[in-house]
1. Looking at this structure, is V13 in contact with a Leu (Cβ under 7 Å, 6 or more places away or on another chain), within 26 Å of S58 (Cβ to Cβ) and β-branched (V, I, T)?
2. I'm checking my understanding of the structure. Among residues of the range 45-58 that are out of contact with any Gly (no Cβ under 6 Å at 6 or more places or on another chain) and under 19 Å from P9 (Cα atoms), which one is surrounded by the most Cβ atoms within 10 Å (Cβ to Cβ)?
3. Quick one: how many residues across the range 28-44 are surrounded by 15 or more Cβ atoms within 10 Å (Cβ to Cβ) and closer than 24 Å to M1 by Cβ?
4. Taking P9 as meeting all but one of (1) modelled with pLDDT of 90 or more; (2) touching a helix residue (DSSP H, G or I) at 6+ places or on another chain (Cβ under 6 Å); (3) loosely packed, with under 13 Cβ neighbours inside 10 Å, write down the number of the exception.
5. Can you find a residue in the range 40-59 that is part of a loop (DSSP other than H, G, I, E, B), of a type in the set (A, V, I, L, M, F, W, C), modelled with pLDDT of 90 or more and out of contact with any Pro (no Cβ under 6 Å at 6 or more places or on another chain)?
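The values are calculated or read from the model by the stated rules, or taken from the named source; none is laboratory data. Small disclaimer: the values here were computed from a predicted structure and weren't measured. Here Cβ is always computed from backbone atoms with ideal geometry, including for glycine, and neighbour counts include all displayed protein chains.
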Amino acid sequence: MIPGLQSFPGDVVHSSSYKSGKSYSGMNVLVIGSGNPGMEFAYDLAAYGANTSVIIRSPPMGTIYFLWLHGNFLL
């Protein structure tokens, strides 16, 4: 459970209930997760004019590999 979620005044929609980004046009929307559904929903939301942000748990592996390859990887 996410602390404060019960008191959040906006919509909270699970991917299994998502239909379209049409009703979110002009709104600020946060997509949690960068898996296929998250990226598809983020694209759909942005296409309908939502101000879309995506939050992910860790950087994509391509980013980690790029940093390692170029010597900028810090542990």
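1. Details: in contact with a Leu (Cβ under 7 Å, 6 or more places away or on another chain): no; within 26 Å of S58 (Cβ to Cβ): yes; β-branched (V, I, T): yes.
Here the answer is no, as V13 does not meet what is asked.
2. Result: T52.
3. Initially, the range 28-44 is screened for residues surrounded by 15 or more Cβ atoms within 10 Å (Cβ to Cβ), giving 29, 31, 33-34, 38, 41-42, 44.
Add one more test, that the residue is closer than 24 Å to M1 by Cβ, and what stays is 29, 31, 33-34, 38, 41-42.
Summing the residues that are surrounded by 15 or more Cβ atoms within 10 Å (Cβ to Cβ) and closer than 24 Å to M1 by Cβ in the range 28-44 gives 7.
4. Against the list (1) modelled with pLDDT of 90 or more; (2) touching a helix residue (DSSP H, G or I) at 6+ places or on another chain (Cβ under 6 Å); (3) loosely packed, with under 13 Cβ neighbours inside 10 Å, P9 comes up short only on (2).
5. In the first step, residues of the range 40-59 are kept if they are part of a loop (DSSP other than H, G, I, E, B); the result is 48-50, 56-59.
After this cut, where a residue has to be of a type in the set (A, V, I, L, M, F, W, C) as well, the list is 50, 56.
Those left that are additionally modelled with pLDDT of 90 or more: 50.
Filter once more, keeping what is out of contact with any Pro (no Cβ under 6 Å at 6 or more places or on another chain): 50.
The answer is yes; a qualifying residue exists.
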